[in-house]
Amino acid sequence: MMKSLFLQAPSFDGYDGGAGARYQMKREVKSFWFPTWLAQAAAMVPGSRLIDAPPLNLSFKDIEEDVKAHELIVIHTSTPASSPTARPPVWCRAINPTAKIGFIGAKVAVEPLESMQACPELDFVARNEYDFTIQELAGGADWSTIKGLTYRDAQRRRSSHNPEREILVDMDKLPSVTAVLQAAGREKYFGGYLQAPLYLLVHGPRLQIALHLLPVAADHRRPHSTASCPSTGWCRT
């Protein structure tokens, strides 16, 4: 496996990490949700590191050594790869020229080619169902064979767009994210009305039972969990 870093990059003061989407906007309260998008992918790659910079108030300087030390850098973004959103890959490329750098996120998933064109420093965009896409990429698979991947060729002259990856319906194929979130500074996410349900969910083996992932379970089964959370209606299945 490539030595992999999963990054929610440093952002401005008041950055809104709530509402499950981490919008590039500012509001009067901070409500950081767990970085499930990065944590699940990180759990697929043994030995990987997750850095969720905004809730920890980390600057680019604070994470410089981590960026230098990794071969694969996966960055979550909620907006197109244009300035100032493009700053993280530009900065990563400047201090680690040989790393493979890519984006994940809803916006770039629907505009992968446009994102690649807008940010020349990107090597790839992992589109929908990117967990296994990232795992194959980190494992050294030929990029031309990885479903769900948009990538730049070796000469960095053009972008290729591989076929879509199938929708995952068996959530038990995904590993637990608990250890990844614990290492990332779990206590920074507790607060407000989310405290009780998130505390219980993160202590169970399947954080992905959160509401926004349940609709893809086409086999009509809830993913298994040893956690019980009355306030959200989830229970052991």
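Output yes when any residue across segment 90-100 is crowded, with 24+ Cβ neighbours inside 10 Å and under 20 Å from residue 50 (Cα atoms), and no when none is.
The answer is yes; a qualifying residue exists.
Could you give every pair whose Cβ atoms fall below 9 Å, whose first residue belongs to segment 149-164 and is in contact (Cβ under 8 Å) with a residue 12 or more places away in the chain, and whose second residue is among the β-branched types (Val, Ile, Thr) and part of a strand (DSSP E or B), counting only separations of at least 6 or pairs across chains?
From residues that are in contact (Cβ under 8 Å) with a residue 12 or more places away in the chain, the pairs are 149/125; 150/125; 151/125; 159/125; 159/150; 160/150; 161/150; 162/150.
Here's the yes/no breakdown for (1) under 16 Å from the mean Cα position of the chain (by Cα); (2) among the hydroxyl-bearing types (Ser, Thr, Tyr); (3) surrounded by fewer than 23 Cβ atoms within 10 Å (Cβ to Cβ):
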residue: 33; (1), (2), (3): yes, no, yes
residue: 68; (1), (2), (3): no, no, yes
residue: 88; (1), (2), (3): yes, no, no
residue: 104; (1), (2), (3): yes, no, no
residue: 113; (1), (2), (3): no, no, yes
residue: 120; (1), (2), (3): no, no, yes
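Looking at 148, 191, can you tell me which residue is surrounded by 18 or more Cβ atoms within 10 Å (Cβ to Cβ) and either under 20 Å from the mean Cα position of the chain (by Cα) or at pLDDT below 95 (or both)?
So the residue among 148, 191 that is surrounded by 18 or more Cβ atoms within 10 Å (Cβ to Cβ) and either under 20 Å from the mean Cα position of the chain (by Cα) or at pLDDT below 95 (or both) is 148.
Kindly establish whether residue 19 is modelled with pLDDT of 95 or more and under 23 Å from residue 128 (Cα atoms).
The answer is no for residue 19.
Here are the criteria: (1) modelled with pLDDT under 90; (2) assigned to a helix (DSSP H, G or I). Tell me which single one residue 154 does not satisfy.
Here residue 154 clears every test but (2).
The values are calculated or read from the model by the stated rules, or taken from the named source; none is laboratory data. Remember, predicted model here, so these are calculated numbers, not experimental data. Backbone-built Cβ (ideal geometry, glycine too); neighbour counts: all protein chains shown.
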